[in-house]
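Below: the structure, in structure tokens.
The values are calculated or read from the model by the stated rules, or taken from the named source; none is laboratory data. Here the structure is a predicted model, which means the values were calculated and not measured. Glycine also receives a Cβ, built like all others from the backbone with ideal geometry; neighbour counts cover every protein chain displayed. For the accessible areas, the whole protein counts, side chains as well, though only heavy atoms, and no ligand, DNA or RNA atoms are used. Shrake-Rupley method; radii C 1.70, N 1.55, O 1.52, S 1.80 Å.
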Amino acid sequence: QVQLAESGGGLVQAGDSLRLSCVATGILFRDVAMGWFRRTPGEERELIAAISTMGINTEYADSVKGRFTISRDNAKNTLYLQMNSLKSEDTAVYYCAVSRTQFGRNSDEYGYWGQGTQVTVSS
């Protein structure tokens, strides 16, 4: 059974940094592309970062480009999201997910979701 466990969220001030982690079990982690999503109340879940199996290719939503970095450690079955220069509009629940394709650029390419971790940025 595939399980994804996010951690690292919290309450920070604008301009601060956070690093989220996502540990994957029940899956051959090195063989799957991964992504980070976020959702705010009343909004659709938004794909903000994607990474290929070996971490060579990455893509970002315009809203986080230049501030967030997605990475992975296949030896530890762990996906990361380094978030710098946080803004109040980054407040959301953040989820990691497994792509069903070689590189998930759209939300409907993803399956297997974690429970999410709350990030709150105060201004």
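The table that follows gives values for the structure above.
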| quantity | calculated |
| --- | --- |
| In Å², nearest 10: area of Ser52 left accessible to a 1.4 Å probe | 10 Å² |
| Residue-count net charge about Leu79 - beta-carbon cut-off 15 Å; Lys, Arg +1, Asp, Glu -1 | +1 |
| Segment 74-123 - percent relative contact order, Cα under 8 Å, separation 6 or more | 43 percent |
| Relative frequency of Cα-Cα separations exceeding 17 Å in segment 6-115, percent | 48 percent |
| Sequence-separation-based contact order of the chain, relative, with Cα cut under 8 Å and 6+ spacing, percent | 36 percent |
| Carbon plus sulfur fraction of accessible area for segment 20-123, probe 1.4 Å, in percent | 45 percent |
| Segment Gln1-Asp73, extension gain: residue separation times 0.36 nm, minus the distance between their alpha carbons | 23.9 nm |
| Peptide ranges 84-95, 10-21 listed from the most packed, as the mean C-beta count within 10 angstrom indicates | 84-95, 10-21 |
| Accessible-area ranking of Arg105, Arg45, Arg39, Arg67, largest first, probe 1.4 Å | Arg105, Arg39, Arg45, Arg67 |
| 1.4 Å probe accessible area per residue over the chain, in Å² | 52 Å² |
| Over segment 67-123: Kirkwood hydrodynamic radius from C-alpha pairwise inverse distances, Å | 13.0 Å |
